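Let me begin by presenting the structure, written as C-alpha coordinates, before commenting on it.
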Amino acid sequence: MLFPKKYQPIIIAFIFIIISVVILSLNLRQSGETYLPRKLVLEAVTPLESIVSSSIEYLSNIWGRYIFLVGLEEENRKLRKKNASLQKEVNYYQEMYLEGMRLKKLLALKGNVDYPSVAGRVIGINRSSVFKTILINIGTTDGVRLGSPVLIDEGVIGRVIETSWNVSRVLLLTDYNSNVDALIQGSRAQGVLQGQGSKGCILKYVHRSEEVQAGDKIISSGLAGVFPKGALLGTVTKVEKKKFGLFQKIEVSQAVDFSKLEEVIVALPDEDDKK
Amino acid sequence: MIYYLMLPIFSLVLIVFQTTILDLFFLGKMGFEVSLILVVYAGLHLDVMKGGILAVVLGFFLDCITGSMTGFFIFIYVVIFFLSKVVSSRVYPEGIAFIMGFTFICVFSKGIITILIYYFIYDVDLSHNVLRIFLPQALVASVLSPALFPIFDRLEVLLDAQSSG
(Lines give C-alpha, C1' and ligand atoms only; values in the text may rest on other atoms or scores of the structure.)
Protein backbone atom coordinates (compact mmCIF):
# COMPACT_ATOMS: atom_id res chain seq x y z
CA MET A 1 0.00 0.00 0.00
CA LEU A 2 1.30 3.47 -0.86
CA PHE A 3 0.26 5.05 2.43
CA PRO A 4 0.17 3.61 5.99
CA LYS A 5 -3.32 2.32 6.93
CA LYS A 6 -3.56 4.87 9.74
CA TYR A 7 -3.55 7.79 7.28
CA GLN A 8 -5.81 6.26 4.63
CA PRO A 9 -9.08 7.85 5.88
CA ILE A 10 -7.44 11.28 5.95
CA ILE A 11 -6.09 10.83 2.42
CA ILE A 12 -9.46 9.60 1.11
CA ALA A 13 -11.18 12.55 2.81
CA PHE A 14 -8.68 14.93 1.23
CA ILE A 15 -9.27 13.39 -2.22
CA PHE A 16 -13.08 13.72 -1.85
CA ILE A 17 -12.82 17.37 -0.84
CA ILE A 18 -10.42 18.11 -3.71
CA ILE A 19 -12.81 16.40 -6.18
CA SER A 20 -15.79 18.40 -4.93
CA VAL A 21 -13.86 21.69 -5.11
CA VAL A 22 -12.70 20.85 -8.65
CA ILE A 23 -16.28 20.04 -9.77
CA LEU A 24 -17.53 23.29 -8.22
CA SER A 25 -14.83 25.44 -9.80
CA LEU A 26 -15.19 23.78 -13.22
CA ASN A 27 -18.91 24.50 -13.19
CA LEU A 28 -18.31 28.09 -12.16
CA ARG A 29 -16.36 28.67 -15.33
CA GLN A 30 -18.77 26.86 -17.62
CA SER A 31 -22.17 28.39 -18.18
CA GLY A 32 -22.96 26.67 -21.47
CA GLU A 33 -25.05 23.65 -22.45
CA THR A 34 -26.41 21.23 -19.87
CA TYR A 35 -24.13 18.20 -19.93
CA LEU A 36 -25.23 14.57 -20.28
CA PRO A 37 -25.36 13.32 -16.62
CA ARG A 38 -27.60 16.26 -15.63
CA LYS A 39 -29.80 15.70 -18.69
CA LEU A 40 -30.16 12.01 -17.78
CA VAL A 41 -31.08 12.82 -14.18
CA LEU A 42 -33.61 15.43 -15.35
CA GLU A 43 -35.19 12.95 -17.78
CA ALA A 44 -35.26 10.23 -15.08
CA VAL A 45 -36.76 12.48 -12.45
CA THR A 46 -39.56 13.92 -14.58
CA PRO A 47 -41.76 10.77 -14.68
CA LEU A 48 -40.98 10.10 -11.01
CA GLU A 49 -42.08 13.62 -10.05
CA SER A 50 -45.19 13.31 -12.23
CA ILE A 51 -46.14 10.04 -10.49
CA VAL A 52 -45.63 11.55 -7.04
CA SER A 53 -47.58 14.71 -7.93
CA SER A 54 -50.51 12.81 -9.45
CA SER A 55 -50.56 10.39 -6.48
CA ILE A 56 -50.71 13.29 -4.04
CA GLU A 57 -53.54 14.84 -6.03
CA TYR A 58 -55.40 11.51 -6.19
CA LEU A 59 -55.03 10.88 -2.44
CA SER A 60 -56.10 14.37 -1.52
CA ASN A 61 -59.13 13.94 -3.79
CA ILE A 62 -60.04 10.64 -2.12
CA TRP A 63 -59.56 12.15 1.33
CA GLY A 64 -61.62 15.20 0.48
CA ARG A 65 -64.44 13.43 -1.32
CA TYR A 66 -64.92 10.00 0.22
CA ILE A 67 -63.27 9.37 3.59
CA PHE A 68 -65.48 11.86 5.43
CA LEU A 69 -68.61 10.19 4.08
CA VAL A 70 -67.98 6.90 5.93
CA GLY A 71 -70.50 6.43 8.77
CA LEU A 72 -73.40 8.33 7.28
CA GLU A 73 -76.74 6.70 6.56
CA GLU A 74 -77.02 4.53 3.47
CA GLU A 75 -79.30 6.81 1.50
CA ASN A 76 -77.36 9.85 2.45
CA ARG A 77 -74.20 8.09 1.33
CA LYS A 78 -75.70 7.18 -2.02
CA LEU A 79 -76.89 10.71 -2.58
CA ARG A 80 -73.57 12.15 -1.61
CA LYS A 81 -71.80 9.66 -3.83
CA LYS A 82 -73.98 10.70 -6.70
CA ASN A 83 -73.43 14.30 -5.81
CA ALA A 84 -69.69 13.67 -5.60
CA SER A 85 -69.62 12.02 -8.99
CA LEU A 86 -71.65 14.88 -10.47
CA GLN A 87 -69.37 17.32 -8.76
CA LYS A 88 -66.39 15.49 -10.22
CA GLU A 89 -67.96 15.77 -13.65
CA VAL A 90 -68.63 19.47 -13.13
CA ASN A 91 -65.08 19.93 -11.85
CA TYR A 92 -63.81 18.12 -14.92
CA TYR A 93 -65.77 20.38 -17.25
CA GLN A 94 -64.77 23.43 -15.23
CA GLU A 95 -61.13 22.39 -15.45
CA MET A 96 -61.48 21.87 -19.19
CA TYR A 97 -63.16 25.25 -19.52
CA LEU A 98 -60.47 26.98 -17.50
CA GLU A 99 -57.75 25.18 -19.42
CA GLY A 100 -59.43 26.25 -22.66
CA MET A 101 -59.48 29.84 -21.44
CA ARG A 102 -55.83 29.72 -20.46
CA LEU A 103 -54.84 28.18 -23.79
CA LYS A 104 -56.90 30.82 -25.57
CA LYS A 105 -54.98 33.52 -23.68
CA LEU A 106 -51.70 31.81 -24.54
CA LEU A 107 -52.71 31.59 -28.19
CA ALA A 108 -53.62 35.27 -28.13
CA LEU A 109 -50.22 36.02 -26.60
CA LYS A 110 -48.53 33.84 -29.21
CA GLY A 111 -50.37 35.79 -31.90
CA ASN A 112 -49.28 39.13 -30.41
CA VAL A 113 -45.60 38.38 -30.15
CA ASP A 114 -43.51 38.98 -33.25
CA TYR A 115 -41.08 36.14 -32.66
CA PRO A 116 -41.46 32.35 -32.89
CA SER A 117 -42.60 30.74 -29.65
CA VAL A 118 -43.74 27.43 -28.22
CA ALA A 119 -46.19 26.67 -25.40
CA GLY A 120 -45.33 24.34 -22.54
CA ARG A 121 -46.82 22.99 -19.34
CA VAL A 122 -45.30 23.43 -15.86
CA ILE A 123 -44.44 19.97 -14.47
CA GLY A 124 -42.50 20.81 -11.36
CA ILE A 125 -41.96 23.73 -9.01
CA ASN A 126 -38.88 23.94 -6.83
CA ARG A 127 -40.30 25.22 -3.56
CA SER A 128 -36.97 25.42 -1.71
CA SER A 129 -36.15 28.59 0.12
CA VAL A 130 -33.15 29.71 -1.91
CA PHE A 131 -33.55 28.32 -5.43
CA LYS A 132 -36.59 29.55 -7.35
CA THR A 133 -37.01 27.47 -10.50
CA ILE A 134 -39.70 25.55 -12.37
CA LEU A 135 -39.58 22.61 -14.76
CA ILE A 136 -41.51 22.72 -18.05
CA ASN A 137 -42.30 19.84 -20.38
CA ILE A 138 -40.56 21.19 -23.50
CA GLY A 139 -36.89 20.95 -24.35
CA THR A 140 -34.34 21.14 -27.12
CA THR A 141 -36.45 18.94 -29.41
CA ASP A 142 -39.11 21.70 -29.32
CA GLY A 143 -36.53 24.36 -30.11
CA VAL A 144 -35.97 25.65 -26.58
CA ARG A 145 -32.47 27.05 -26.06
CA LEU A 146 -30.48 28.28 -23.06
CA GLY A 147 -31.51 31.81 -22.17
CA SER A 148 -34.89 31.64 -23.95
CA PRO A 149 -37.34 34.02 -22.21
CA VAL A 150 -40.43 32.46 -20.63
CA LEU A 151 -43.67 34.44 -20.24
CA ILE A 152 -47.43 34.35 -19.90
CA ASP A 153 -50.02 36.97 -20.73
CA GLU A 154 -49.58 38.67 -17.33
CA GLY A 155 -45.85 39.19 -17.76
CA VAL A 156 -42.38 37.72 -17.68
CA ILE A 157 -41.67 34.58 -15.66
CA GLY A 158 -37.94 34.12 -16.20
CA ARG A 159 -35.48 32.51 -18.57
CA VAL A 160 -34.38 28.98 -19.42
CA ILE A 161 -31.17 28.02 -17.60
CA GLU A 162 -31.05 24.31 -18.32
CA THR A 163 -32.41 22.25 -21.17
CA SER A 164 -32.70 18.58 -21.81
CA TRP A 165 -34.38 16.87 -24.77
CA ASN A 166 -37.92 17.05 -23.37
CA VAL A 167 -37.57 19.12 -20.20
CA SER A 168 -36.27 22.59 -19.38
CA ARG A 169 -35.58 24.42 -16.16
CA VAL A 170 -36.67 28.04 -15.87
CA LEU A 171 -34.98 30.49 -13.51
CA LEU A 172 -37.76 32.62 -12.02
CA LEU A 173 -37.42 36.40 -11.72
CA THR A 174 -37.40 36.03 -7.92
CA ASP A 175 -34.30 33.79 -7.79
CA TYR A 176 -31.28 35.51 -6.26
CA ASN A 177 -29.30 34.75 -9.45
CA SER A 178 -31.83 36.47 -11.70
CA ASN A 179 -30.83 39.90 -13.06
CA VAL A 180 -32.89 41.56 -15.79
CA ASP A 181 -32.27 44.90 -17.52
CA ALA A 182 -35.39 46.92 -16.77
CA LEU A 183 -37.09 50.28 -17.34
CA ILE A 184 -39.58 52.18 -15.25
CA GLN A 185 -42.45 52.60 -17.69
CA GLY A 186 -43.34 56.21 -16.86
CA SER A 187 -39.98 57.87 -16.30
CA ARG A 188 -37.98 55.52 -18.60
CA ALA A 189 -35.31 55.32 -15.87
CA GLN A 190 -33.10 52.26 -16.31
CA GLY A 191 -32.07 49.72 -13.70
CA VAL A 192 -31.43 46.06 -13.05
CA LEU A 193 -34.23 43.95 -11.57
CA GLN A 194 -32.72 41.43 -9.18
CA GLY A 195 -34.55 38.52 -7.50
CA GLN A 196 -34.89 38.50 -3.72
CA GLY A 197 -36.38 35.06 -3.10
CA SER A 198 -39.73 35.05 -1.33
CA LYS A 199 -39.47 38.83 -0.85
CA GLY A 200 -40.00 39.47 -4.59
CA CYS A 201 -37.48 41.63 -6.45
CA ILE A 202 -35.54 44.88 -6.12
CA LEU A 203 -34.73 47.38 -8.85
CA LYS A 204 -31.06 48.31 -8.51
CA TYR A 205 -28.96 51.17 -9.86
CA VAL A 206 -31.74 53.75 -10.31
CA HIS A 207 -30.30 57.20 -9.65
CA ARG A 208 -31.69 59.01 -6.60
CA SER A 209 -32.69 61.98 -8.76
CA GLU A 210 -35.23 59.84 -10.67
CA GLU A 211 -38.87 60.23 -9.61
CA VAL A 212 -40.20 56.78 -8.75
CA GLN A 213 -43.48 56.03 -6.99
CA ALA A 214 -45.21 52.95 -5.65
CA GLY A 215 -47.45 51.57 -8.39
CA ASP A 216 -45.07 52.39 -11.27
CA LYS A 217 -44.81 49.58 -13.80
CA ILE A 218 -41.44 47.94 -14.47
CA ILE A 219 -40.86 46.62 -17.99
CA SER A 220 -37.97 44.86 -19.70
CA SER A 221 -35.59 47.19 -21.54
CA GLY A 222 -34.64 44.63 -24.18
CA LEU A 223 -31.02 45.76 -23.82
CA ALA A 224 -29.39 42.43 -23.01
CA GLY A 225 -31.19 40.79 -25.90
CA VAL A 226 -32.74 38.13 -23.69
CA PHE A 227 -36.22 39.51 -23.00
CA PRO A 228 -38.40 41.27 -25.57
CA LYS A 229 -38.58 45.02 -25.00
CA GLY A 230 -41.62 46.24 -23.07
CA ALA A 231 -42.62 42.95 -21.42
CA LEU A 232 -44.14 43.56 -17.99
CA LEU A 233 -41.89 42.49 -15.11
CA GLY A 234 -43.63 43.88 -12.05
CA THR A 235 -44.90 46.86 -10.08
CA VAL A 236 -43.05 49.12 -7.66
CA THR A 237 -44.25 48.51 -4.09
CA LYS A 238 -41.85 50.63 -2.04
CA VAL A 239 -39.30 53.35 -2.69
CA GLU A 240 -36.64 54.29 -0.17
CA LYS A 241 -34.15 57.15 -0.55
CA LYS A 242 -31.42 57.16 2.04
CA LYS A 243 -29.62 60.36 3.11
CA PHE A 244 -26.45 59.26 1.35
CA GLY A 245 -25.66 57.19 -1.71
CA LEU A 246 -26.07 57.44 -5.46
CA PHE A 247 -29.04 55.14 -5.85
CA GLN A 248 -32.46 54.60 -4.32
CA LYS A 249 -33.83 51.33 -2.98
CA ILE A 250 -36.87 50.19 -4.97
CA GLU A 251 -38.84 47.09 -4.00
CA VAL A 252 -40.81 45.44 -6.78
CA SER A 253 -43.59 42.87 -6.72
CA GLN A 254 -43.40 40.53 -9.73
CA ALA A 255 -46.25 40.68 -12.26
CA VAL A 256 -46.90 36.96 -12.22
CA ASP A 257 -48.02 34.81 -9.28
CA PHE A 258 -45.51 31.96 -9.63
CA SER A 259 -47.47 29.62 -7.34
CA LYS A 260 -50.32 29.44 -9.88
CA LEU A 261 -48.35 28.76 -13.04
CA GLU A 262 -49.71 26.03 -15.31
CA GLU A 263 -48.94 26.83 -18.96
CA VAL A 264 -46.22 29.11 -20.28
CA ILE A 265 -44.84 30.44 -23.56
CA VAL A 266 -41.17 30.16 -24.43
CA ALA A 267 -39.85 32.60 -27.02
CA LEU A 268 -37.59 30.80 -29.46
CA PRO A 269 -34.48 32.24 -31.07
CA ASP A 270 -34.91 33.57 -34.61
CA GLU A 271 -33.64 31.43 -37.46
CA ASP A 272 -31.04 34.17 -38.13
CA ASP A 273 -29.86 33.97 -34.50
CA LYS A 274 -29.50 30.22 -34.73
CA LYS A 275 -27.29 30.56 -37.76
CA MET B 1 -21.25 -4.33 -3.68
CA ILE B 2 -25.05 -4.22 -3.23
CA TYR B 3 -24.57 -1.01 -1.28
CA TYR B 4 -22.94 0.71 -4.28
CA LEU B 5 -25.56 -0.67 -6.70
CA MET B 6 -28.49 0.45 -4.57
CA LEU B 7 -26.96 3.83 -3.73
CA PRO B 8 -27.94 5.82 -6.87
CA ILE B 9 -31.52 4.46 -6.94
CA PHE B 10 -32.06 4.98 -3.23
CA SER B 11 -30.51 8.45 -3.35
CA LEU B 12 -32.64 9.54 -6.32
CA VAL B 13 -35.86 8.32 -4.67
CA LEU B 14 -34.92 10.03 -1.41
CA ILE B 15 -34.17 13.34 -3.14
CA VAL B 16 -37.42 13.23 -5.16
CA PHE B 17 -39.33 12.40 -1.94
CA GLN B 18 -37.59 15.30 -0.23
CA THR B 19 -38.23 17.84 -2.97
CA THR B 20 -41.87 16.88 -3.56
CA ILE B 21 -43.70 15.35 -0.59
CA LEU B 22 -41.65 16.84 2.25
CA ASP B 23 -41.79 20.27 0.62
CA LEU B 24 -45.58 19.98 0.62
CA PHE B 25 -45.59 19.34 4.39
CA PHE B 26 -43.58 22.47 4.98
CA LEU B 27 -45.62 24.44 2.40
CA GLY B 28 -42.44 25.44 0.59
CA LYS B 29 -41.55 27.88 3.37
CA MET B 30 -38.58 25.89 4.61
CA GLY B 31 -36.68 23.05 2.97
CA PHE B 32 -36.38 20.05 5.28
CA GLU B 33 -33.29 18.12 4.11
CA VAL B 34 -33.51 14.45 5.06
CA SER B 35 -30.53 13.97 2.74
CA LEU B 36 -28.39 16.23 4.92
CA ILE B 37 -29.38 14.32 8.07
CA LEU B 38 -28.42 11.12 6.21
CA VAL B 39 -25.02 12.65 5.43
CA VAL B 40 -24.57 13.50 9.12
CA TYR B 41 -25.58 9.92 10.02
CA ALA B 42 -23.11 8.58 7.43
CA GLY B 43 -20.36 10.70 8.96
CA LEU B 44 -21.04 9.27 12.39
CA HIS B 45 -21.57 5.62 11.38
CA LEU B 46 -20.20 4.69 7.94
CA ASP B 47 -16.61 4.27 6.78
CA VAL B 48 -14.92 7.03 4.80
CA MET B 49 -15.33 5.45 1.34
CA LYS B 50 -19.02 4.43 1.68
CA GLY B 51 -20.04 7.69 3.34
CA GLY B 52 -17.98 9.87 1.01
CA ILE B 53 -19.55 8.35 -2.08
CA LEU B 54 -23.01 8.66 -0.50
CA ALA B 55 -22.38 12.38 0.15
CA VAL B 56 -21.21 12.95 -3.44
CA VAL B 57 -24.15 11.05 -5.00
CA LEU B 58 -26.76 12.79 -2.81
CA GLY B 59 -25.15 16.17 -3.50
CA PHE B 60 -25.09 15.54 -7.26
CA PHE B 61 -28.78 14.54 -7.42
CA LEU B 62 -29.75 17.53 -5.30
CA ASP B 63 -27.73 19.80 -7.60
CA CYS B 64 -29.57 18.38 -10.63
CA ILE B 65 -33.04 18.58 -9.11
CA THR B 66 -32.80 21.99 -7.45
CA GLY B 67 -31.12 23.52 -10.50
CA SER B 68 -28.09 24.77 -8.59
CA MET B 69 -24.71 24.61 -10.31
CA THR B 70 -23.14 21.16 -10.22
CA GLY B 71 -20.80 20.92 -7.28
CA PHE B 72 -22.69 23.27 -4.96
CA PHE B 73 -24.38 20.59 -2.86
CA ILE B 74 -21.62 18.04 -3.56
CA PHE B 75 -19.12 20.38 -1.90
CA ILE B 76 -21.39 21.20 1.06
CA TYR B 77 -22.32 17.55 1.67
CA VAL B 78 -18.71 16.33 1.44
CA VAL B 79 -17.61 19.01 3.92
CA ILE B 80 -20.45 18.17 6.34
CA PHE B 81 -19.70 14.43 5.97
CA PHE B 82 -16.05 14.85 6.90
CA LEU B 83 -16.88 17.24 9.71
CA SER B 84 -19.13 14.49 11.15
CA LYS B 85 -16.43 11.89 10.50
CA VAL B 86 -13.86 13.86 12.46
CA VAL B 87 -16.28 14.32 15.37
CA SER B 88 -17.34 10.63 15.36
CA SER B 89 -13.79 9.50 16.08
CA ARG B 90 -13.70 11.62 19.24
CA VAL B 91 -17.13 11.15 20.84
CA TYR B 92 -19.73 8.44 21.48
CA PRO B 93 -22.30 9.38 18.83
CA GLU B 94 -25.42 7.61 20.16
CA GLY B 95 -27.08 9.84 22.77
CA ILE B 96 -30.25 11.66 21.71
CA ALA B 97 -28.97 14.99 23.02
CA PHE B 98 -25.73 14.58 21.06
CA ILE B 99 -27.57 13.62 17.85
CA MET B 100 -29.90 16.61 18.15
CA GLY B 101 -27.15 19.05 19.01
CA PHE B 102 -24.76 17.82 16.35
CA THR B 103 -27.45 17.74 13.63
CA PHE B 104 -28.35 21.32 14.57
CA ILE B 105 -24.72 22.40 14.20
CA CYS B 106 -24.33 20.61 10.85
CA VAL B 107 -27.56 21.93 9.29
CA PHE B 108 -26.83 25.43 10.52
CA SER B 109 -23.26 25.14 9.16
CA LYS B 110 -24.75 24.17 5.80
CA GLY B 111 -26.72 27.43 5.87
CA ILE B 112 -23.60 29.42 6.69
CA ILE B 113 -21.61 27.71 3.89
CA THR B 114 -24.48 28.52 1.48
CA ILE B 115 -24.33 32.19 2.52
CA LEU B 116 -20.54 32.25 2.06
CA ILE B 117 -20.65 30.57 -1.37
CA TYR B 118 -23.35 32.98 -2.57
CA TYR B 119 -21.43 35.94 -1.18
CA PHE B 120 -18.06 35.07 -2.68
CA ILE B 121 -19.24 33.60 -5.99
CA TYR B 122 -22.38 35.55 -6.90
CA ASP B 123 -21.82 38.63 -4.73
CA VAL B 124 -25.30 38.11 -3.29
CA ASP B 125 -25.89 38.67 0.42
CA LEU B 126 -28.18 35.98 1.89
CA SER B 127 -27.39 36.80 5.52
CA HIS B 128 -30.92 38.10 6.14
CA ASN B 129 -32.09 34.48 5.73
CA VAL B 130 -30.22 33.24 8.80
CA LEU B 131 -33.05 33.84 11.28
CA ARG B 132 -35.88 33.41 8.78
CA ILE B 133 -34.79 30.20 7.01
CA PHE B 134 -31.56 28.58 8.18
CA LEU B 135 -32.15 28.70 11.95
CA PRO B 136 -35.72 27.21 11.80
CA GLN B 137 -34.42 24.65 9.30
CA ALA B 138 -31.66 23.59 11.72
CA LEU B 139 -34.11 23.45 14.63
CA VAL B 140 -36.61 21.25 12.76
CA ALA B 141 -33.85 18.95 11.51
CA SER B 142 -32.38 18.58 14.99
CA VAL B 143 -35.78 17.78 16.51
CA LEU B 144 -36.55 15.14 13.87
CA SER B 145 -33.06 13.61 13.67
CA PRO B 146 -33.46 11.19 16.66
CA ALA B 147 -36.46 9.67 14.85
CA LEU B 148 -34.58 9.38 11.54
CA PHE B 149 -31.32 7.88 12.86
CA PRO B 150 -32.95 4.51 13.86
CA ILE B 151 -34.49 4.29 10.36
CA PHE B 152 -31.07 4.84 8.79
CA ASP B 153 -29.67 2.21 11.23
CA ARG B 154 -32.19 -0.35 9.99
CA LEU B 155 -31.46 0.48 6.35
CA GLU B 156 -27.75 0.03 6.96
CA VAL B 157 -28.33 -3.33 8.68
CA LEU B 158 -30.58 -4.42 5.80
CA LEU B 159 -27.99 -3.51 3.16
CA ASP B 160 -25.19 -5.17 5.17
CA ALA B 161 -27.28 -8.35 5.50
CA GLN B 162 -27.92 -8.42 1.74
CA SER B 163 -24.25 -7.78 1.01
CA SER B 164 -23.12 -10.66 3.25
CA GLY B 165 -25.98 -12.91 2.14
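In region B:84-99, is there at least one residue being within 8 Å of another protein chain (Cβ to nearest Cβ) and under 29 Å from residue A:22 (Cβ atoms)?
Looking through region B:84-99, at least one residue is within 8 Å of another protein chain (Cβ to nearest Cβ) and under 29 Å from residue A:22 (Cβ atoms).
Return a yes/no flag: does region B:37-47 have any residue that is of a type in the set (A, V, I, L, M, F, W, C), closer than 22 Å to residue B:146 by Cβ, modelled with pLDDT under 90 and out of contact with any helix residue (DSSP H, G or I) (no Cβ under 6 Å at 6 or more places or on another chain).
Yes: one or more hits.
Is there a residue in region A:183-190 that is of a type in the set (S, T, N, Q), part of a loop (DSSP other than H, G, I, E, B), within 23 Å of residue A:210 (Cβ to Cβ) and away from every other protein chain (no Cβ under 11 Å)?
Yes, some residue in region A:183-190 is of a type in the set (S, T, N, Q), part of a loop (DSSP other than H, G, I, E, B), within 23 Å of residue A:210 (Cβ to Cβ) and away from every other protein chain (no Cβ under 11 Å).
Would you pick out the residues in region B:110-159 that are in contact (Cβ under 8 Å) with a residue 12 or more places away in the chain and acidic (Asp, Glu)?
Answer for region B:110-159, where residues must be in contact (Cβ under 8 Å) with a residue 12 or more places away in the chain and acidic (Asp, Glu): B:153, B:156.
Among the residues that make up region A:132-144, is at least one of them under 18 Å from the mean Cα position of the chain (by Cα), within 14 Å of chain B (Cβ to nearest Cβ) and part of a loop (DSSP other than H, G, I, E, B)?
Yes, region A:132-144 contains at least one residue that is under 18 Å from the mean Cα position of the chain (by Cα), within 14 Å of chain B (Cβ to nearest Cβ) and part of a loop (DSSP other than H, G, I, E, B).
Of all residues in region A:200-218, how many are closer than 26 Å to residue A:131 by Cβ and either of a type in the set (A, V, I, L, M) or in a loop (DSSP other than H, G, I, E, B) (or both)?
Qualifying residue count for the region: 4.
What pairs come out if I take residues in region A:51-64 that are in contact (Cβ under 8 Å) with a residue 24 or more places away in the chain and within 11 Å of chain B (Cβ to nearest Cβ) and pair them with residues that are among the polar types (S, T, N, Q) and surrounded by 10 or more Cβ atoms within 10 Å (Cβ to Cβ) whose C-beta lies under 9 Å away, six or more apart or interchain?
Taking only residues 6 or more apart or on different chains, the pairs are A:53/B:20.
When you check residue B:74 against the structure, is it under 27 Å from residue A:124 (Cβ atoms), at the interface with chain A (Cβ under 8 Å from one of its Cβ atoms) and at pLDDT below 90, yes or no?
Judged against the criteria, residue B:74 is not a match.
Can you go through A:199, A:217 and tell me which one is surrounded by fewer than 19 Cβ atoms within 10 Å (Cβ to Cβ), under 21 Å from residue B:128 (Cβ atoms) and charged (D, E, K, R)?
A:199
Identify the residue in region A:16-25 that is more than 7 Å from chain B (Cβ to nearest Cβ) and surrounded by 12 or more Cβ atoms within 10 Å (Cβ to Cβ) and, among all such residues, is nearest to residue B:15 (Cα to Cα).
The selected residue is A:19.
So the check is Cβ under 8 Å with 6+ separation or different chains; which pairs have a first residue in region A:84-106 that's over 15 Å from residue A:261 (Cα atoms) and a second one that's of a type in the set (A, V, I, L, M, F, W, C)?
Listed by first residue and then by second, the contacts come to A:84/A:69.
The values are calculated or read from the model by the stated rules, or taken from the named source; none is laboratory data. Being a predicted model, the structure only gives us computed values, none of them experimental. Positions of Cβ are backbone-derived with ideal geometry, glycine not excepted, and every protein chain shown enters the neighbour counts.
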